[in-house]
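Structure first, commentary second.
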Amino acid sequence: MARRSKYIPSGHKVRVGKSSAGLGLYAVEEIPKGICFIEYFGRVIKGQEEYTSRSKYLFEVHSRKTIDGRQRDNIARYINHSCRPNAEPETHKGRVYIFSRRKILPGEEITYDYGKEYWEEHIGKEKCRCPKCVLKRGTKN
């Protein structure tokens, strides 16, 4: 029997819905820990376009390949940032897959850490709006 690749999305149901950051991606059913459940995809951009694009959905695969995931059928684009994420991206053979870091419950928003570089380039000096940071700021007087 052939072994299934760990890079084939599981097909677990997810939905786009309102979030504290605009729109977000939510689990419809429980997603077990450690599985690939969705792929981040889009048009490949190269060279200067990487620096001139105004898209906020750029995902750098490596130094010579960046994916612009702005197309609406790429629902992985709705995954928001969190400083305490429940998912993480992993690149494999020039593609980007999203894996669950822990069990994700039905109704829970799916998040991953966008990283310092993205934050500095696209968010700037705005304060993080992820639940962990909002709660942390709310406890300081």
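With among the polar types (S, T, N, Q) and surrounded by 14 or more Cβ atoms within 10 Å (Cβ to Cβ) as the only criterion, which of S53, S63 stands out?
Numbers: S63 fails: surrounded by 14 or more Cβ atoms within 10 Å (Cβ to Cβ).
Being among the polar types (S, T, N, Q) and surrounded by 14 or more Cβ atoms within 10 Å (Cβ to Cβ) holds for just one of S53, S63, which is S53.
Of all residues in the range 37-54, those that are under 29 Å from V14 (Cα atoms) and in contact (Cβ under 8 Å) with a residue 40 or more places away in the chain have Cβ atoms under 6 Å from Cβ atoms of residues that are part of a loop (DSSP other than H, G, I, E, B) and of a type outside the set (S, T, N, Q), 6 or more apart or on another chain, in F37/P9; F37/H12; I38/P9; E39/P9; Y40/G69.
Of all residues in the range 94-120, those satisfying the criterion of being in contact with a strand residue (DSSP E or B) (Cβ under 6 Å, 6 or more places away or on another chain) and of a type in the set (A, V, I, L, M, F, W, C) are V96, I98, F99, I104, I110. Looking at the range 52-93 only, could you name the residues that are part of a strand (DSSP E or B) and small (G, A, S)? Result: A87, single match.
Take the range 13-22 and flag every residue that is modelled with pLDDT of 95 or more and either surrounded by 15 or more Cβ atoms within 10 Å (Cβ to Cβ) or among the aliphatic types (A, V, I, L, M) (or both).
Filtering the range 13-22 down to residues modelled with pLDDT of 95 or more leaves 13-18.
The answer is V14, V16.
Could you tell me which residue of the range 125-141 is modelled with the lowest pLDDT, considering only residues that are closer than 15 Å to A21 by Cβ and in a loop (DSSP other than H, G, I, E, B)? That would be E126.
Suppose we filter I79, I98 for residues that are touching a residue at least 24 places away in the same chain (Cβ under 8 Å), out of contact with any Cys (no Cβ under 8 Å at 6 or more places or on another chain) and among the hydrophobic types (A, V, I, L, M, F, W, C); which single one remains? Quick ask: steps written out before the conclusion?
Working: I98 fails: out of contact with any Cys (no Cβ under 8 Å at 6 or more places or on another chain).
Within the list I79, I98, the selection yields I79.
Put simply, of Y118, Y114, Y97 the only residue that is modelled with pLDDT of 80 or more and under 19 Å from S55 (Cβ atoms) is Y114. Somewhere in the range 29-51, is a residue within 27 Å of P106 (Cβ to Cβ), among the hydroxyl-bearing types (S, T, Y) and either modelled with pLDDT of 95 or more or not in a loop (DSSP other than H, G, I, E, B) (or both)? Yes: one or more hits.
The values are calculated or read from the model by the stated rules, or taken from the named source; none is laboratory data. Just so you know, these numbers come straight off a predicted model, no measurement behind them. Cβ atoms come from the backbone with ideal geometry, glycine included; neighbour counts cover every protein chain shown.
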